[in-house]
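Here is the structure we will look at, set down as structure tokens.
Derivation of every value follows stated rules applied to the coordinates shown; laboratory data play no part. The model shown is predicted, which means the values in this text are computed figures rather than measured ones. Don't worry about glycine lacking a Cβ; one is built from the backbone with ideal geometry, like all the others, and counts go over all protein chains shown.
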Amino acid sequence: MLKLQPGYAGILVEGGILRTGPRQSQEGKVRLVIRDKERDPTIWGTLRKDVEQGDFIQTLRSEAQELRDFYLTEERRDLLRRMSPAKRWFLLAWWVLKSMFFKLNPMRRILLALGVVFIMSSTVTVTNGNEGISQEVSGRVFVGAVALVLVLMLELKDKLLAHSELREGRAIQRAMQPDSSPAVPGWRVWLYTYPANEVCGDIIDFFPFSGNSYGLATGDVAGKGLGAALLMVKIQALLHAFAPDMPVLVTLAAKVNQILLRDRIPGRFASLLLLQIAPDSGVVRYVNAGHMPPLLVSQTGIADLGKGNAAMGLAADSLFEQKELTMSQGQTLVLYSDGITEAENRDGESYGMERLESVCRSLCTLQARQFGEALVARVEAFVGGSRRKDDISLIVLQRTL
């Protein structure tokens, strides 16, 4: 309850904070001022915050890198690396502008061309009269600027609409994700996934299996963006639908592969690593369909469990092999995506398997959650301010009995 001090009757609501003000001389009159700076930002206030964030040079470099990667083919990027700096920057600017021009729709290409023509053909007249220097700018500059701003506004509108839809898709993905630390007697489990973009193409899942056991799944859909995310959701739905009635991992893997081939989308496939564990049992059954090799970590060393069979959705005659592992107390099984090993820093250096194994050795005495969080923190520190190029997913499984 809000209590006013003696002599105070006014309430000032500013930025979400209630403040009392002194009573005015005219009895019964109360001043109510409502200002919500977050909902109604000012232009200068926003620009001031932008300036205070700093690090413009690194931001510009990152933005330039993204423009180059998006607009140029790999072949042209290779050509640029072999050129002299002067020629490289000239051709880079030309190729990016040309590629951007052809990606616009016809109406916006015409507007862009008209804007450039009007600005380039405008004239500026400077006269030196008795009262000083005066300038007259041709009206073509204004018309050209309006055309360019209109193109910018239309492109920004499309981008914001796409981002809104992707955010909704990401919200659905989050709702489908299991708890980060599901409870299984005799085990510690920690699940983690982080998208490089708005939506995620990596699979992380925990689901009930037949025979009082549980399934764990991690995978990576080829490609990025909405298409990869939709295929990920489909695979997740298939696992939940078939796992309770299929006691054998190989049968489940074959069924998922069959449906992906039946509904095949050209160029889309997925690696998938399936595990089956039971409460109070150290036995781990697994099928690896083209995913990164799991790492079995203990205080005595690290064992690479191999990459396994072909990825899902590639061939109808793919044969999947079920393997079995018995874990003892204190051992940790690490399942990860290539978003970790291929994470790059600002110098373009990859994190790599050697660093991953070294970090896992140093974390072997930690519990599953602390192990996973520390590993993710090491990768984030390595990447620094560099833009993420791939989704990151991680499962840490430990035997406690």
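Tell me whether the chain comes out rounded, prolate or oblate; compute the Cα gyration tensor, take square roots of the eigenvalues as a ≥ b ≥ c, and use a/c under 1.5 as the rounded threshold. Intermediate values should be presented prior to the final figure.
Numbers: a/c = 2.35, a/b = 1.46, b/c = 1.61.
Cα axes put the chain in the oblate bin.
So what's the angle, to the nearest 10 degrees on a 0 to 90 scale, between helix 56-71 and the longest Cα principal axis of the chain?
70 degrees
Treating cross-link reach as a plain straight distance, find the aspartates and glutamates whose alpha-carbon is under 18 Å from the alpha-carbon of K103, omitting any fewer than eight places away in the same chain.
E66, D69, E74, E155, D158
Would you mind checking which residues have amide H under 5 Å from S318's amide H? H placed 1.01 Å from N; only 5 or more apart, or other chain.
Amide H to amide H, under 5 Å and 5 or more residues apart or across chains, S318 pairs with nothing.
Can you compute the helix-only [θ] at 222 nm over the chain? Use -39500 (n - 2.57) per DSSP H run of at least 4 residues, normalise by all residues, nearest 500 deg cm²/dmol.
-14000 deg cm²/dmol, from helical runs alone.
Quick one: dipole size for the range 178-399, taken about the Cα centre, charges +1 on Lys/Arg Cβ and -1 on Asp/Glu Cβ, in debye to the nearest 20.
So the dipole magnitude of the range 178-399 works out to roughly 160 debye.
Given K49/K234; K255/K307; K87/K157; K157/K389; K49/K157, which pairs have Cα atoms separated by over 31 Å?
From K49/K234; K255/K307; K87/K157; K157/K389; K49/K157, over 31 Å: K49/K234; K87/K157.
With θ set to phi - 60° and the Karplus curve 6.51 cos²θ - 1.76 cosθ + 1.60, what are the ³J(HN,Hα) couplings of the range 278-284 in order, to the nearest whole Hz, using x for Gly and Pro?
Running phi through 6.51 cos²θ - 1.76 cosθ + 1.60 with θ = phi - 60° gives 10, x, 6, 9, x, 7, 10 Hz.
How far apart, in nanometres, would the label points at M100 and M176 be if each is projected 7 angstrom from Cα along the Cα-to-Cβ direction?
Result: 3.5 nm between the two label points.
Rounding to the nearest 20 debye, state how big the charge dipole of the range 63-170 is about its Cα centre with +1 on each Lys and Arg Cβ and -1 on each Asp and Glu Cβ.
440 debye
Given the options G219, C200, P178, identify the residue whose Cα lies farthest towards the positive end of the charge dipole of the range 178-399 (+1 on Cβ of Lys, Arg; -1 on Cβ of Asp, Glu).
P178
Go ahead and run the numbers for FRET between S62 and M153, Cβ-Cβ distance against an R0 of 22 Å, rounding to 0.05.
Calculated value: 0.35.
Is there a quick way to get the dipole size of the chain? I mean about its Cα centre, with the Cβ of Lys and Arg at +1 and of Asp and Glu at -1; what is the value in debye to the nearest 20?
So the dipole magnitude of the chain works out to roughly 840 debye.
With a ≥ b ≥ c taken as the square roots of the eigenvalues of the C-alpha gyration tensor of the range 63-170, please select rounded if a/c is under 1.5 and otherwise prolate if a/b is larger than b/c or oblate if it is not? Spell out each step's value before the answer.
Working: a/c = 2.71, a/b = 1.46, b/c = 1.85.
Oblate.
Just to confirm the number: angle between the C-alpha axis of helix 352-362 and the first principal axis of the chain, 0 to 90 degrees, nearest 10?
The angle comes out at about 70 degrees.
At a Förster distance of 22 Å, what's the computed FRET efficiency of A316 paired with F242, Cβ-Cβ distance as r, to 0.05?
Between A316 and F242 the formula returns 0.80.
Could you list K157, K323 in order of exposure, starting from the residue whose Cβ has the fewest other Cβ atoms within 10 Å?
Taking fewest neighbouring Cβ atoms as first place, the list is K157, K323.
Once you sort the root eigenvalues of the Cα gyration tensor of the range 178-399 as a ≥ b ≥ c, which label holds: rounded (a/c under 1.5), prolate (a/b larger than b/c) or oblate (the other case)?
It is oblate, given that a/c is not under 1.5 and a/b is not larger than b/c.
Quick check on the exposure proxy: order L216, L238, L275, L154 from fewest to most C-beta atoms within 10 angstrom.
Ranked by crowding around the Cβ, least crowded first: L154, L238, L275, L216.
What is the angle, in °, between the Cα long axis of helix 225-242 and the longest principal axis of the Cα atoms in the chain? Nearest 10 is fine, range 0 to 90.
It is inclined by approximately 30 degrees.
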